[in-house]
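Before any comments, here is the structure.
Laboratory data are not the source of any read-out in this text; all were calculated from the coordinates shown. Keep in mind that what you see is a predicted model, and the values were worked out from it rather than measured. Using ideal geometry, Cβ is built from the backbone for each residue, glycine included, and neighbour counts are taken over all protein chains shown.
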Amino acid sequence: AQRVTQPEKLLSVFKGAPVELKCNYSYSGSPELFWYVQYSRQRLQLLLRHISRESIKGFTADLNKGETSFHLKKPFAQEEDSAMYYCALRGSGNTGKLIFGQGTTLQVKP
Amino acid sequence: NAGVTQTPKFQVLKTGQSMTLQCAQDMNHEYMSWYRQDPGMGLRLIHYSVGAGITDQGEVPNGYNVSRSTTEDFPLRLLSAAPSQTSVYFCATSGSSGANVLTFGAGSRLTVL
């Protein structure tokens, strides 16, 4: 079964601390994974995807097929990083169907 | 260029009432989908469409109907609302060149009493 698990509902850190938002997936085949973010009073938007292997707003995520994980990391959290973060997995086919995790709220305290 | 427009933003219904959530896009995207967002459940796919005239069920389709008569519009119908359908609903679109990069609407918050 295709599934995405984000074990933490809430992650609270202080400004300048490292951040790691966990994501584990279950998928038989070659996975394609994404992180989407929803800032307060803004729309859900793509943060990054593993095929791009890029850093966005200081965040990176590496696909670990052995551990079936795609954790999102940032070395130094900023207050503006506070948001809801969703890990997502491409569903069957390539038609815009994504399977989302439960979401993790990141709270960065001053 | 409005992107993805959802209406209404807020709605309160009584159990058994029907209503339609509207989704319109002006990006000429082929793929459109409806998700519901519930605390602790994340986003779950209700229905999706790969083009005009083609729709299919997602993970939680029961109680919802969709149709796609044009590329631009993808309405979601609740035939007989139930309290379990209280949620925030998101419409999302994507094009064939970036099928999994979704553009989301602002969301519609529905309360069923």
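Over the stretch B:35-113, the reciprocal of the mean inverse Cα-Cα separation, the Kirkwood hydrodynamic radius, stands at 13.3 Å.
Which whole-angstrom value gives the distance between the alpha carbon centres of the stretch A:21-82 and the stretch B:1-40? Their Cα centres are 25 Å away from one another. Taking a threshold of 29 Å on the Cα-Cα distance, which of the pairs A:K65/A:K109; A:K22/A:K57; A:K9/A:K65; A:K22/A:K97 fall above it? In this structure, A:K65/A:K109 lie more than 29 Å apart at Cα.
3J(HN,Hα) along the stretch A:40-52, derived from phi through the Karplus expression 6.51 cos²θ - 1.76 cosθ + 1.60 where θ = phi - 60°, amounts to 4, 6, 10, 7, 4, 8, 5, 9, 7, 9, 5, 5, 7 Hz, with x in place of Gly and Pro.
At q = 0.12, 0.13, 0.18 Å⁻¹, what is the base-10 log of I(q)/I(0) for the protein assembly as shown according to the Debye formula with one equal point scatterer per Cα and no solvent? Please give it to two decimals. The calculated log intensity ratios at q = 0.12, 0.13, 0.18 Å⁻¹ are -0.64, -0.75, -1.32.
Can you give the % of DSSP beta bridges in chain B that are antiparallel, to the nearest 5?
Values: 34 of 38 bridges.
Just about 90 percent of them are antiparallel.
Computed over chain A, the quotient of the alpha carbon radius of gyration and 2.2 N^0.38 Å is 1.02. Among A:S55, A:S28, A:S92, the largest mean-square fluctuation in a Gaussian network model of chain A (Cα springs under 10 Å) belongs to A:S28.
On average, how many beta carbons from a partner chain sit within 10 Å of the beta carbon of a residue in B:41-52?
Numbers: counts 4, 13, 11, 2, 6, 0, 0, 5, 2, 4, 1, 0.
The shielding value for this peptide is 4.
Legend: ranking of residues A:W35, B:W34 from fewest to most surrounding C-beta atoms inside 10 Å; resulting order A:W35, B:W34. Charged side chains reduced to their Cβ positions (Lys and Arg at +1, Asp and Glu at -1) give the protein assembly as shown a dipole of some 400 debye around its Cα centre.
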